[in-house]
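Chemist: This is the structure, below, for whatever I ask next.
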Amino acid sequence: MPMSVAVKLQSSAKPVSEPRAILGPTGNRVRASDDPKRKTEAPKKLQRPKKPVQVIPAPVVRNNVSTDSSCSSDSSSSSGSSAKKKLESSRTTVMAKRNGVKNMKVVPDGGVVEIEEISPKVSGPIKRCDWITSNSDPLYTSFHDEEWGVPDYDDRKLFELLVFSQALGELSWPAILSKRDIFRKLFDNFDISSIAQFTEKKLLSLKVNGSLLLSEPKLRAVVENAKQMLKVQQEFGSFSNYCWRFVNHQPLRNGFRYARQVPVKTPKADIISKDLMQRGFRCVGPTVVYSFMQVSGIVNDHLLTCFRYQECNANVKNDLKSNIEETKELTKALENTCLSRD
């Protein structure tokens, strides 16, 4: 009897469990099964942190897709849909790039991928060569941005730049540029024929505030170089043609990344310097010649990071065509002159 009573009490203490509806993680109502394994798993799933209820996409409702599915099938479908969206967005981005659309972003809206234009980013400060800083003289900065390294083919301008390169031994670029108008006034706007006729008296009168603009040896060199330049013009048609033939009428591009890599002279400058000295030019050492090559654009020594490096290269193509035509016309004119004299 005690054994049967204990059995009855134990059986009566056990409550009769009925199947009850529970809310799955995906928001779908499912029925709990009688399997004890399922009963033990249900509390663990309910203990997970709550996730935001996902909105059922419109295409799914239209296709009458059943929402009563297991957790595994729901997660696989959601991951598949997210992968599909990523693929569509990447395809749209590629198409936007191919069509030349810049500064775009992809925004999903009701299952339809839309493209919205983003305002362009504000560009940072202009990157110049390292020797141009925020504290540089404005004239020097403008000279760097507009003239330095630009290929020049005008004899008068080339002569002016040669004189400035010679003056670098006594003055800095900012000091020369600040006195540029004075240089042009005293040297008759760098008219080569006029300077070649300067007398000793005229030479010693080239003063600023009672002092000579340059030292006497430099001033005498300017006058002598003007005389020799006239001879070069007669032989080669122009001083420009004489200078550019050393580089096959195309600027040299060094493509340096750092200022410390820029040389003060090169083997090419040595060759030009020796040829000029043999022709009677003065104060035209390799360092002076290389400075002249840099400022006149015979060599592009703007750093690769400088915005002027590519701009100077772009100017070469346009200037080269016009100069080739001018050289041909000048050559024909000289040939006709020689034939007429014969």
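Chemist: Kindly indicate which of L203, L168, L186 is of a type in the set (A, V, I, L, M), on the phi < 0 side of the Ramachandran plot and out of contact with any helix residue (DSSP H, G or I) (no Cβ under 9 Å at 6 or more places or on another chain). Before you say what the answer is, go through the steps one by one.
Modeler: Working: L203 fails: out of contact with any helix residue (DSSP H, G or I) (no Cβ under 9 Å at 6 or more places or on another chain); L168 fails: out of contact with any helix residue (DSSP H, G or I) (no Cβ under 9 Å at 6 or more places or on another chain).
Step by step, each of L203, L168, L186 is checked, and only L186 is of a type in the set (A, V, I, L, M), on the phi < 0 side of the Ramachandran plot and out of contact with any helix residue (DSSP H, G or I) (no Cβ under 9 Å at 6 or more places or on another chain).
Chemist: Something else about it: One residue is enough: does segment 223-237 have a residue meeting the conditions farther than 22 Å from V289 by Cβ and either in a loop (DSSP other than H, G, I, E, B) or open to solvent by 60 Å² or more (accessible area, probe 1.4 Å) (or both)?
Modeler: Here is the first cut: in segment 223-237, the residues farther than 22 Å from V289 by Cβ are none.
Looking for residues that are farther than 22 Å from V289 by Cβ and either in a loop (DSSP other than H, G, I, E, B) or open to solvent by 60 Å² or more (accessible area, probe 1.4 Å) (or both), one finds none in segment 223-237, hence no.
Chemist: Might you check whether a residue that is modelled with pLDDT under 95, touching a strand residue (DSSP E or B) at 6+ places or on another chain (Cβ under 6 Å) and of a type in the set (D, E, K, R) occurs anywhere in segment 249-257?
Modeler: So far as segment 249-257 goes, yes, one or more of its residues are modelled with pLDDT under 95, touching a strand residue (DSSP E or B) at 6+ places or on another chain (Cβ under 6 Å) and of a type in the set (D, E, K, R).
Chemist: Now a separate question. Give me the pairs: first residue in segment 142-168 and more than 20 Å from I182 (Cα to Cα), second residue charged (D, E, K, R) and open to solvent by 10 Å² or more (accessible area, probe 1.4 Å), beta-carbon distance under 6 Å, and six or more apart or on different chains, which are they?
Modeler: P151/D319
Chemist: What single numbered condition from (1) closer than 21 Å to S291 by Cβ; (2) open to solvent by 50 Å² or more (accessible area, probe 1.4 Å) fails to hold for F143?
Modeler: Tallying (1) closer than 21 Å to S291 by Cβ; (2) open to solvent by 50 Å² or more (accessible area, probe 1.4 Å), F143 fails exactly one: (2).
Chemist: Which helices (runs of 4 or more DSSP H) sit wholly inside segment 130-197 and have at least 2 residues that are farther than 24 Å from Y242 by Cα? Working first, answer last.
Modeler: Values: elements: 138-146, 155-167, 173-178, 180-186, 192-195.
By residue number, 138-146, 173-178, 180-186.
Chemist: I would also like to ask the following. If the Cβ limit is 7 Å and pairs must be 6+ apart or interchain, which residue in segment 266-279 that is free of Cβ contacts under 8 Å to residues at least 40 places away in the same chain pairs with which residue that is among the small types (G, A, S) and not in a helix (DSSP H, G or I)?
Modeler: Listed pairs, sorted by first residue: S273/G285.
Chemist: Still on this model: Looking only at residues that are part of a loop (DSSP other than H, G, I, E, B) and aliphatic (A, V, I, L, M) in segment 251-272, which one is farthest from the chain's Cα centre (by Cα)? Give the derivation first.
Modeler: Of segment 251-272, the ones part of a loop (DSSP other than H, G, I, E, B) are 251, 254-258, 262-266.
The next check asks that each one be aliphatic (A, V, I, L, M); those that pass are 262, 264.
Numbers: V262: 19, V264: 26 Å.
Filtering first and then ranking leaves V264.
Chemist: Six or more apart or on different chains, Cβ atoms under 6 Å: show the pairs whose first residue is in segment 232-257 and more than 15 Å from E329 (Cβ to Cβ) and whose second is among the small types (G, A, S).
Modeler: P251/G297
Chemist: Hey, another quick one. Which of the residues spanning segment 192-219 are under 19 Å from I176 (Cβ atoms), charged (D, E, K, R) and surrounded by fewer than 17 Cβ atoms within 10 Å (Cβ to Cβ)?
Modeler: K207, E216
The values are calculated or read from the model by the stated rules, or taken from the named source; none is laboratory data. None of these values were measured; they are calculated from a predicted model. Using ideal geometry, Cβ is built from the backbone for each residue, glycine included, and neighbour counts are taken over all protein chains shown. The protein model used for the area step is the full one, side chains on, heavy atoms only, and it has no ligands, DNA or RNA in it. Shrake-Rupley method; radii C 1.70, N 1.55, O 1.52, S 1.80 Å.
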